[in-house]
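The values are calculated or read from the model by the stated rules, or taken from the named source; none is laboratory data. Computed from a predicted structure; not experimentally measured. Glycine gets a Cβ as well: all are built from the backbone with ideal geometry, and neighbour counts include every protein chain shown.
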Amino acid sequence: MLPAESTTSVRVRRLVLFALVAAAVVALDQVSKAAVRAALSPGESITLIPGVMDLSLIYNTGAAFSLGEGAGMLFVAIAAAMCVGGVYVAWSRADVPLSLLLTVATIVGGGIGNAIDRVTLGAVTDFFKTTFINFAIFNVADIFVTCGVPIALILWWRWDAARERAAKVGE
């Protein structure tokens, strides 16, 4: 019989996986932003999918829909807090489902990707512009954050409900 896996090795594996997923999101975000900055001038647009989406380079000093304009360092602090919270959960909560942990990693990666822009450029590089509706111009990091948050909430609620059911059975 094999010895039980140590708690430390489980923690390390979960933390490494969390970091790798977050780093992959940051890399994808930063590479896409660099490519668009190299290809376009601010305000210039090119059609990506006719009638659906253009690439249009803008620099956003706020958050979604330019809300919080000028509060860039607050958003950097929020990203740092998310990162610390994610690392804490990855290390200390082995009971958190892997799907939830990895979803949080994508949110953290998106937050870090935009924080890098805020610190290095003073604004976030946005470039996806929908043409079929009037919507905010956004980037890869924004996609991971805005899709990741509701998915994480759903996964959290499902996990929490399962824990409550298990606790009632154990009573």
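See the values below:
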| quantity | calculated |
| --- | --- |
| Residue check for Gly72: at pLDDT below 90 and either touching a Gly at 6+ places or on another chain (Cβ under 8 Å) or over 18 Å from Val21 (Cβ atoms) (or both) | yes |
| Failed item, numbered, when Val124 is tested on (1) touching a strand residue (DSSP E or B) at 6+ places or on another chain (Cβ under 7 Å); (2) within 16 Å of Val16 (Cα to Cα) | (2) |
| Scan of segment 1-32 for residues that are over 17 Å from Ile107 (Cβ atoms), of a type in the set (D, E, K, R) and within 15 Å of the chain's Cα centre (by Cα), ordered by number | none |
| Scan of segment 97-127 for residues that are of a type in the set (A, V, I, L, M, F, W, C) and more than 16 Å from Val149 (Cα to Cα), ordered by number | Ala115, Ile116, Val119, Leu121, Ala123, Val124, Phe127 |
| Residue within segment 79-101 that is among the charged types (D, E, K, R), surrounded by fewer than 18 Cβ atoms within 10 Å (Cβ to Cβ) and in contact with a Phe, Trp or Tyr (Cβ under 9 Å, 6 or more places away or on another chain) present | yes |
| Test: residue in segment 116-137 that is within 11 Å of the chain's Cα centre (by Cα) and crowded, with 21+ Cβ neighbours inside 10 Å | no |
| Residues that are in contact with a Phe, Trp or Tyr (Cβ under 9 Å, 6 or more places away or on another chain) and surrounded by fewer than 18 Cβ atoms within 10 Å (Cβ to Cβ), drawn from segment 138-155 | Ile143, Thr146 |
| Those residues of segment 35-51 which are part of a loop (DSSP other than H, G, I, E, B) and over 16 Å from Val140 (Cβ atoms), in sequence order | Ser41, Pro42, Gly43, Glu44, Pro50, Gly51 |
| So Ala90, is it in contact with a Lys or Arg (Cβ under 8 Å, 6 or more places away or on another chain) and among the aliphatic types (A, V, I, L, M) | yes |
| Residue under evaluation Leu40, criteria (1) exposed (fewer than 15 other Cβ atoms within 10 Å of the Cβ); (2) out of contact with any helix residue (DSSP H, G or I) (no Cβ under 8 Å at 6 or more places or on another chain); (3) modelled with pLDDT of 85 or more, criterion not met | (1) |
| Segment 33-47: number of residues that are under 24 Å from the mean Cα position of the chain (by Cα) and of a type in the set (S, T, N, Q) | 0 |
| Val10 vs. criteria at pLDDT below 90, among the aliphatic types (A, V, I, L, M) and either part of a helix (DSSP H, G or I) or under 15 Å from Ala115 (Cα atoms) (or both) | yes |
